[in-house]
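Notes to accompany the following structure.
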Amino acid sequence: MIEVTKLNGVKILINPHLLEVVEETPDTVLTLTTGRKIIVKESRQDIKNLVKLYRKDILAE
């Protein structure tokens with residue numbers, strides 16, 4: 001799971017395997033494979049880095 005911050009400041013965990021699209025419009029909008037959209041404070045690049053770190057951790061176990 002990766003931790004992201006919604007615009008209201010609430011931190012949530014998201015399963016990165018459910019991420020389908022990450023776009024900046026200018027807010028960062030995460031679209032999940034379920035169709036749900038979540039607006040977060042992190043940038044597109046931050047999300048990319050979080051997913052990469054998550055995958056590295058999975059492979060290291």
When you scan the stretch 10-30, do you find a residue that is among the hydroxyl-bearing types (Ser, Thr, Tyr) and exposed (fewer than 12 other Cβ atoms within 10 Å of the Cβ), even just one? yes
Of the conditions (1) farther than 10 Å from Ile2 by Cβ; (2) touching an Asp or Glu at 6+ places or on another chain (Cβ under 9 Å), Lys37 satisfies every one except a single condition; which number is it? (2)
In the stretch 31-53, what residues are surrounded by 15 or more Cβ atoms within 10 Å (Cβ to Cβ) and touching a helix residue (DSSP H, G or I) at 6+ places or on another chain (Cβ under 7 Å)? Leu32, Val51
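Since every read-out is calculated from the coordinates, none of them should be taken as a lab result. Note that the structure is predicted; figures quoted are calculated from it, not measured. Glycine also receives a Cβ, built like all others from the backbone with ideal geometry; neighbour counts cover every protein chain displayed.
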